[in-house]
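This report refers to the structure that appears directly beneath it.
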Amino acid sequence: MMKDIPLNDFATNLLNEALWFAKEENCKKLMGSKLDKINEVDYYTGDEYFHKIKNMERGHNGFPEILVGYSYGTTGIHFNKSNPSYDIDVHSIMSKQGEFLQKVQTTFNLKRNALFSVYPPGGYISWHNNANASAYNILFTWSEKGDGYWQHWDMQEQKHVIIPDVKGWQCKVGYYGSYDDGMDKVVYHMARTNCWRMTIAFVLDRSEMSVGMQDWIIEDISR
């Protein structure tokens, strides 16, 4: 299951370089955020939808159905062209993102960036389990006011676990199991916020070596 890791000053100062991406004027340049679903937060992060996804078992592909936020995807960034007043320098923003990610990955020996998203007040990511992308993972979260939370289903205890956001940066680490690992290793989770929030996630792989690597990374970033 996911563990909450307190970050040291070195890690926090490095991550602060990403706060540019959480500025509202920069986020609003992005499209494909599904902000029309913002009023459906209670359904997509609630018990009814959780049980729907969980009861699907292998029928759920692992991806979140809804992410109400602005995604700086590593496979390409799509911008809102409907408002001509936006002065968008795509190359500059992609270069800024690439430089930041490379710096974090090199400093902490992280492999692949899996998610780079900013959530506006009322934003959320719906219940899902990442069984399609099983791996050991490092999840950095920044919150403007700490008014939000992560929630997962503890398969062993058969109960929901909430990890509240804190103002500023925090980190969660764990392992997303695949269906082949057994349902007890699958991590159903979601997150929601009432203030600006950013998530930058990295994954290692499923090997035993990644267990040791994750421990080394925790030593580097924790206080």
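List of remarks:
- Taking 14 Å as the straight-line reach from the Cα of LYS23, the aspartates and glutamates in range (excluding those fewer than 8 positions away in the same chain) are GLU144.
- Cross-link partners of LYS185 among aspartates and glutamates (Cα-Cα below 13 Å; sequence separation of 8 or more within a chain): GLU57, ASP154, GLU157
Where a number appears in this text, it was derived from the coordinates with a stated rule and is not lab data. Computed from a prediction, not measured in an experiment: that's the story for all the values here.
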